[in-house]
Amino acid sequence: MFMKGKKGVILGVANDKSIAYGIAKACIAQGAQIAFTYLNDSLKKRVEPIAAEFGSADFVYPCDVSNPDEIKALKESLEKDMGQIDFIVHSIAFAPKEGLSGRFYDISKQAFDIAMDVSVYSLIEVVRELKPLLSNNSSVLTLTYYGGAKYIPNYNLMGVAKAALEMTTKYLAEDLGRDGIRVNAISAGPIKTLAAAGIGEFRFMLKWNEAHSPLKKNVSIDEVGNSGMYLLSDLSSAVTGEIHYVDCGYNIMGMPATSFDENGKQTIAWNGEK
Ligand code: 0WD
């Protein structure tokens, strides 16, 4: 039991397809106790049964991270119901639809500000508000994507937000290291979730990654969950400021590898078709 006695809060479960759900499952399996948050009333109905499934029916709280008062209220509730906590999972991102397809240079300032606020600043604000509750051996985890390091078609505005999130992870890691708080990010490969549905041509991304990653498959939320559990537990006690790729190795590829069958016929075409 790698997380026995550890308590934490997970922000960003929308349903049982969410990456945050996979992380919760892996942590619960290792003995953690978890509080969950939901964005709004329609998601509350989805999150409550999930919390109940994980034995956390009494630890479910509203938190729209674009509203500072809700983050403050979350701190009060967690303090009352859980006391000290050992980990935070920030699995939240949002960009207006106009920022996830089309010409990048067309993005409005309003869309840019919303994406940066919800997807980046929220990590800083959540950590700052909950810091008084964090133990001096605690771990913060956020979720990013390769589109924050390299150009990915249609990821557009979210790519810029993820680049900022990755640097935020590193600056927070340095700043909070002295308080015994580690801060890391998982850069997950593409996974079909609610959030992913907003990204143009997402099905092609899935096919492309499966065809061209060294492991020749797409990552599952259980696999991201297990890596998340490692980063939240003491197994990773000397790891901070890390952007840890959990993407079946896709990020190491500089160019798609050509694959041939036993007859010398190319088995994967340029567009990922087998
Ligand atoms: O391919 C993917 N799915 C990848 C996702 C690959 C790599 C990284 N990620 C990241 C996402 O960018 C995000 O940061 O993982 C994180 C979790 O995303 P997810 O699990 O793919 O998506 P989802 O299940 O939709 O959870 C994200 C949730 C929101 O769901 P909806 O679908 O309602 O947007 O983030 C939450 C919300 O529950 N969220 C908020 N929570 C609090 N306050 C807010 C907000 N303002 N906005 C969105």
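Every read-out reported here was derived from the displayed coordinates using simple, explicitly stated rules and does not represent laboratory data. Every value quoted in this text rests on a predicted model; they were computed, and no experiment measured them. Positions of Cβ are generated from backbone atoms using ideal geometry, with glycine treated the same way; all protein chains shown enter the neighbour counts.
If you line up the long axis of helix 19-29 against the longest principal axis of the chain, both from Cα atoms, how many degrees apart are they, to the nearest 10? With both axes taken from Cα atoms, the answer is about 60 degrees. If you line up the long axis of helix 221-232 against the longest principal axis of the chain, both from Cα atoms, how many degrees apart are they, to the nearest 10? In the chain, helix 221-232 runs at an angle near 50 degrees to the longest axis. Descending by average beta-carbon neighbour count within 10 Å, the peptides 33-39, 86-92 line up as 86-92, 33-39, the highest first. Between LYS97 and ALA57, full extension at 0.36 nm per residue minus the direct alpha carbon distance yields a gain of 11.1 nm.
Think of each Lys and Arg Cβ as +1 and each Asp and Glu Cβ as -1; about the Cα centre, that makes the dipole of the chain roughly 440 debye.
Tell me the angle of helix 156-177 to the major Cα principal axis of the chain, expressed in degrees between 0 and 90 and rounded to the nearest ten. Tilt relative to the chain: about 50 degrees. Across LYS216, LYS97, LYS109, mean-square fluctuation computed from a Gaussian network of the chain (C-alpha pairs under 10 Å connected) peaks at LYS109.
Of all beta bridges that DSSP places with both ends in the stretch 7-268, some 5 percent have antiparallel geometry.
With neighbours defined as other Cβ atoms within 10 Å of a residue's Cβ, the residues ARG178, ARG203 order from fewest to most as ARG178, ARG203. Is the shape of the stretch 7-268 best called rounded, prolate or oblate, per the rule: a/c under 1.5 gives rounded, else a/b larger than b/c gives prolate, else oblate, with a ≥ b ≥ c the square roots of the Cα gyration tensor eigenvalues? Taking the square roots of the gyration eigenvalues as a ≥ b ≥ c, the stretch 7-268 is prolate.
Summing +1 for each Lys or Arg and -1 for each Asp or Glu among the other residues whose beta-carbon sits under 13 angstrom from that of ILE114 gives -2. Taking Cα centroids, how far is the stretch 8-71 from the stretch 215-243 in Å? Using only Cα atoms to place each centre, the spacing works out to 19 Å. Percent relative contact order of the chain, based on C-alpha pairs within less than 8 angstrom and at least six residues apart? The normalised contact order for the chain reaches 19 percent. Listed by Cβ neighbour count within 10 Å, with the fewest neighbours leading, THR240, THR144 appear as THR240, THR144. Cβ crowding within 10 Å ranks CYS27, CYS248, CYS63 as CYS248, CYS63, CYS27, fewest other Cβ atoms first.
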